[in-house]
Amino acid sequence: MSEARIRMGRLDHVHIRVPNREAAARWYAEHLGFEPVERFEFWAKGFAGGPLQISADGGRTMLALFEAGEGHPMIPQKTGVAFSVDADDFMVFARSLPGDIDNPSGQPLKIGDIVDFDLCWAYDLADPWGNQYELNCYDYERIKTELIDADGVKPVRYWPRELYASHTRARR
């Protein structure tokens with residue numbers, strides 16, 4: 001299948017590996033004005049190894065602080081850049097797969113490589129030189145209905161859905 005061409009969208013976040021997330025968050029707060037983004041606190045508190053999302057512009061662009069270590073439950077994180085697109089562009093991209101874009105392990109990226117992060121959907125991809133990127137869409141319900149359910153896609157999950165469900169119940 002031929003690849004559809006989309007524009008990657010706005011910069012969403014950059015993956016940053018640090019030895020201690022809390023110490024790094026304090027440094028970024030004191031020196032560069034970054035603050036934790038409450039909307040994404042689940043990712044930092046909900047499971048071991050999750051990112052702490054911090055921002056200096058109210059969450060429009062963020063740094064995702066990953067604590068370095070071998071025990072990370074997801075794919076080994078390298079510094080990577082994440083872009084955010086709207087639902088229409090995300091679905092065009094997903095339905096164009098497989099194409100000439102690989103996943104981080106070097107295999108052709110497939111529609112089923114979509115990751116369900118409970119708050120957004122994502123594709124992890126790599127350029128020909130091994131640089132890693134993430135393509136995100138935060139229109140969660142629309143992607144679920146119009147892509148996941150409509151096309152019968154079984155997404156990848158890095159943690160059980162119940163962790164997010166219990167997090168949202170606790171916040172009520």
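Results, tabulated for the structure shown:
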item: Members of segment 117-138 found to be touching a Cys at 6+ places or on another chain (Cβ under 7 Å) and either within 16 Å of ASN103 (Cβ to Cβ) or exposed (fewer than 15 other Cβ atoms within 10 Å of the Cβ) (or both), listed by number; result: TRP121, ASN136
item: Within segment 40-66, tally of residues that are surrounded by 14 or more Cβ atoms within 10 Å (Cβ to Cβ) and of a type in the set (D, E, K, R); result: 1
item: Residue count, segment 15-39 (criterion: surrounded by 15 or more Cβ atoms within 10 Å (Cβ to Cβ), out of contact with any helix residue (DSSP H, G or I) (no Cβ under 6 Å at 6 or more places or on another chain) and either under 17 Å from ALA68 (Cα atoms) or at pLDDT below 90 (or both)); result: 7
item: The lone exception for ARG157 - which of (1) touching a strand residue (DSSP E or B) at 6+ places or on another chain (Cβ under 6 Å); (2) at pLDDT 85 or above; (3) within 22 Å of GLY9 (Cβ to Cβ) it fails; result: (3)
item: Among (1) at negative phi; (2) over 16 Å from the mean Cα position of the chain (by Cα) - the single one VAL81 does not satisfy; result: (2)
item: Search result, residues across segment 90-101 that are crowded, with 18+ Cβ neighbours inside 10 Å and touching a Leu at 6+ places or on another chain (Cβ under 9 Å); result: PHE90, MET91, PHE93, ALA94, LEU97, ILE101
item: Subset of segment 100-138 [at pLDDT 95 or above and among the charged types (D, E, K, R)]; result: LYS110, ASP113, ASP116
item: Index of the failed condition, GLU141 passing every other in (1) more than 12 Å from PHE90 (Cα to Cα); (2) surrounded by 14 or more Cβ atoms within 10 Å (Cβ to Cβ); (3) at pLDDT 95 or above; result: (2)
item: Residue list for segment 10-26, restricted to those being of a type in the set (A, V, I, L, M) and within 10 Å of LEU63 (Cα to Cα); result: VAL14, ILE16, ALA25
item: Within segment 2-69, strands (runs of 3 or more DSSP E) holding 3 or more residues that are within 25 Å of TYR123 (Cβ to Cβ) and within 13 Å of the chain's Cα centre (by Cα); result: 10-18, 62-67
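The values are calculated or read from the model by the stated rules, or taken from the named source; none is laboratory data. Note that the structure is a prediction, hence the values are computed from the model and not measured. A quick note on method: Cβ atoms are made from the backbone with ideal geometry, for glycine too, and the neighbour counts reach across all protein chains shown.
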